[in-house]
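For reference, the structure discussed in these notes is given below.
The values are calculated or read from the model by the stated rules, or taken from the named source; none is laboratory data. From a predicted model like this one, the values you see are computed outputs, not experimental measurements. Cβ coordinates were reconstructed from backbone atoms using ideal geometry, including for glycine residues, and neighbour counts include every protein chain displayed.
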Amino acid sequence: MLIWYPRRLPQSTMKNGIKLDTIICGDCLDVLHQYPNNCIDLIVTSPPYADRRKNTYGGIHPDKYVGWFMPRIEDFRRVLKPTGTFILNIKERVYNGERHTYVIDLILEMRKRGWLWTEEFIWHKKNCYPGKWPNRFRDAWERCLQFNKTKKVNMYQKAVMVPVGDWAKTRLRNLSETDLRRDESRAMSGFGKNVSNWLGRNRVYPTNVLHMATTCTNKNHSATFPVELPSWFIKLFTLPGDVVLDPFVGSGTTAIAAKSLGRFYIGIDTKAEFCEMARKALADDMEALNFYG
């Protein structure tokens, strides 16, 4: 559930010499050259996948994908703050009957260029599209890769805590002697648990698997994700007033999520029709805010 914050301006604004709350039509490779170093708190994006979205972005051959992406990655790293995070939603496609390695190749090349591959989140698409192939099942998940410039990053884990679950009602009712102390695992692996630590807790930290349906508000774009996906990362890695960038903004989902959570947004896309689509969606949400607020 999104919470509307009162700090929103109807027009774009300036902060540290950059224009915020804006959708820019252009290639991020060119647009970001105009931005200063260390000005972005979070990058959340889903770029064109290899050989996909040909009608949308022209398509990039899997063998050429890393070479196409690397110049853009360099600017992402430059504009991102040292404490900032880059979340990349991507998935390998099947090419010639097997999964292509362009995502793996991309990760390895980014690490060579100084990025830290800190974590990998899995977006489990609870209502994925049906399909049948002779050598595999349908895709029900996508990668959300977390990259950082440094090991010390801004991360607000309490903002994404989840209910503890019904299991606690019965499990914590009658604790044994071993439940009251740290019980070493039977395999002597060094891992152990103190079950009594769960007493009185109604919220816990989530796992790195995000269970979200693929339902999206915009049906006119070929590659939208649900607003809950960028919202989750925005809450985890930023505070109100921080700056969120989506260099492949598409229909504007990341920008809408950022605005809804009281963050500034910058959206970039090469397609003029998608930029207009994103601006309209943002304007519609502003009208809803004014109506209900």
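So here's what we get for this one:
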item: Meets criteria (in contact (Cβ under 8 Å) with a residue 24 or more places away in the chain and assigned to a loop (DSSP other than H, G, I, E, B)) for residue 114; result: yes
item: Residue 182 vs. criteria surrounded by 11 or more Cβ atoms within 10 Å (Cβ to Cβ), closer than 30 Å to residue 213 by Cα and either at pLDDT below 95 or of a type in the set (Phe, Trp, Tyr) (or both); result: no
item: Subset tally (residues that are among the hydrophobic types (A, V, I, L, M, F, W, C) and exposed (fewer than 15 other Cβ atoms within 10 Å of the Cβ)) for the stretch 198-214; result: 4
item: Selection from the stretch 115-156 of residues that are under 21 Å from residue 86 (Cβ atoms) and of a type in the set (D, E, K, R); result: 119, 120, 142, 143, 149, 151, 152
item: Out of 41, 63, 51, sole residue that is touching a helix residue (DSSP H, G or I) at 6+ places or on another chain (Cβ under 9 Å), at pLDDT 95 or above and either of a type outside the set (A, V, I, L, M, F, W, C) or not in a loop (DSSP other than H, G, I, E, B) (or both); result: 41
item: Unique match (being of a type in the set (A, V, I, L, M, F, W, C), in a helix (DSSP H, G or I) and modelled with pLDDT of 95 or more) among 257, 283; result: 257
item: Answer from 131, 84 - the residue that is among the small types (Gly, Ala, Ser), within 22 Å of residue 229 (Cβ to Cβ) and surrounded by 16 or more Cβ atoms within 10 Å (Cβ to Cβ); result: 84
item: Scope the stretch 67-96; condition modelled with pLDDT of 95 or more and farther than 27 Å from residue 272 by Cβ; matching residues; result: 77, 81, 82, 83, 84, 85
item: Selection count, the stretch 1-28, where residues are touching a helix residue (DSSP H, G or I) at 6+ places or on another chain (Cβ under 7 Å), at pLDDT below 95 and hydrophobic (A, V, I, L, M, F, W, C); result: 2
item: Residue match in the stretch 118-127 (condition: surrounded by 15 or more Cβ atoms within 10 Å (Cβ to Cβ) and either at pLDDT below 95 or more than 17 Å from the chain's Cα centre (by Cα) (or both)); result: yes
